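Visitor: Before I ask anything, let me first share the structure, which is written out below as structure tokens.
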Amino acid sequence: MRQYYVNGIVVQRKRDEKYQGIDSGINGDAWYLNYRYEKDNELVSGYDKYVDISEGSFEIIEACTNNQFIKKYIICSKELNVDIRLVLCVTTLDFPLYNASNLELEFLGYDYAYPGGVYYSTIYNDIIDDRIKELRDIKLNKNGLFDSEEELEAFIQKREDLKKVYKKGMFESGVFVKYKLYEIDIESFLNNCCDD
């Protein structure tokens, strides 16, 4: 098993669905304000500065480590009456690094997804979306994720085996990353991470 690193936070609109992982889905749940405002908006330009830092590298998780930027996102979302959640990304990549020691966390599960952009998840697209019949029997937790790294590893192996059988293009290719995801209590974040 590889070592995991605390990378940072992704802001998502709350979802009322089984899957509670990192994938943004077709609704652009992650960093949703990018779809609402023009490029010159402070939060969109902040996203470019603090989150979209990979410049095409698959060795960087696009998660925010700037607490003041996250606080602005929370405040704006409250003003817009948009329910959001803060997802802490812990992955096998070591950049960026974030200190989450004083946060109240709820474990969501393990995901297997792209390191940024729409955070395309193989769990969401191959299992939850019910595209691959051989994956229908895989058991997921209440958040539509895996409870353990061993379960995730078994899924990855099964997916790799099926890629050899299915026609080319059936499975999304690319560099996928193991995510260990937690939901952060927003009030604890505001009280413990956002000194004025």
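The values are calculated or read from the model by the stated rules, or taken from the named source; none is laboratory data. All of these numbers come straight from a predicted model, not from anything done at the bench. Backbone-built Cβ (ideal geometry, glycine too); neighbour counts: all protein chains shown.
Visitor: Mind listing whichever residues of the range 97-149 are assigned to a strand (DSSP E or B) and of a type in the set (Gly, Ala, Ser)? Show your work before the answer.
Guide: Step one: of the range 97-149, the residues assigned to a strand (DSSP E or B) are 105-113, 121, 146.
Gly109, Ala113, Ser121 - these are the residues of the range 97-149 that are assigned to a strand (DSSP E or B) and of a type in the set (Gly, Ala, Ser).
Visitor: Which one of the conditions (1) within 22 Å of Tyr120 (Cβ to Cβ); (2) surrounded by fewer than 18 Cβ atoms within 10 Å (Cβ to Cβ); (3) modelled with pLDDT of 90 or more does Asn34 fail to meet, given that it meets all the rest?
Guide: For Asn34, the failing item is (3).
Visitor: Looking at the range 108-124, is at least one residue touching a helix residue (DSSP H, G or I) at 6+ places or on another chain (Cβ under 6 Å), aromatic (Phe, Trp, Tyr) and modelled with pLDDT of 95 or more? So that I can check it myself, show each step before the final result.
Guide: Going through the range 108-124, the residues touching a helix residue (DSSP H, G or I) at 6+ places or on another chain (Cβ under 6 Å) turn out to be 110-112.
Next, from what is left, pick out any that are aromatic (Phe, Trp, Tyr): 110, 112.
Remaining after also requiring modelled with pLDDT of 95 or more: 110, 112.
Yes, that holds for at least one residue.
Visitor: Next question, about the same structure. Going by the conditions given, is Asn141 out of contact with any Ser or Thr (no Cβ under 6 Å at 6 or more places or on another chain) and either at pLDDT below 90 or hydroxyl-bearing (Ser, Thr, Tyr) (or both)?
Guide: On the way: out of contact with any Ser or Thr (no Cβ under 6 Å at 6 or more places or on another chain): yes; either at pLDDT below 90 or hydroxyl-bearing (Ser, Thr, Tyr) (or both): no.
For Asn141, the condition - out of contact with any Ser or Thr (no Cβ under 6 Å at 6 or more places or on another chain) and either at pLDDT below 90 or hydroxyl-bearing (Ser, Thr, Tyr) (or both) - is not met.
Visitor: Out of everything in the range 109-157 that is among the small types (Gly, Ala, Ser) and in contact (Cβ under 8 Å) with a residue 40 or more places away in the chain, what residue ends up being surrounded by the fewest Cβ atoms within 10 Å (Cβ to Cβ)?
Guide: Gly117
Visitor: Also, quick follow-up: Name the one entry in Phe189, Phe171 that is of a type in the set (A, V, I, L, M, F, W, C), in a helix (DSSP H, G or I) and surrounded by 12 or more Cβ atoms within 10 Å (Cβ to Cβ).
Guide: Working: Phe171 fails: in a helix (DSSP H, G or I).
Residue meeting the stated conditions: Phe189.
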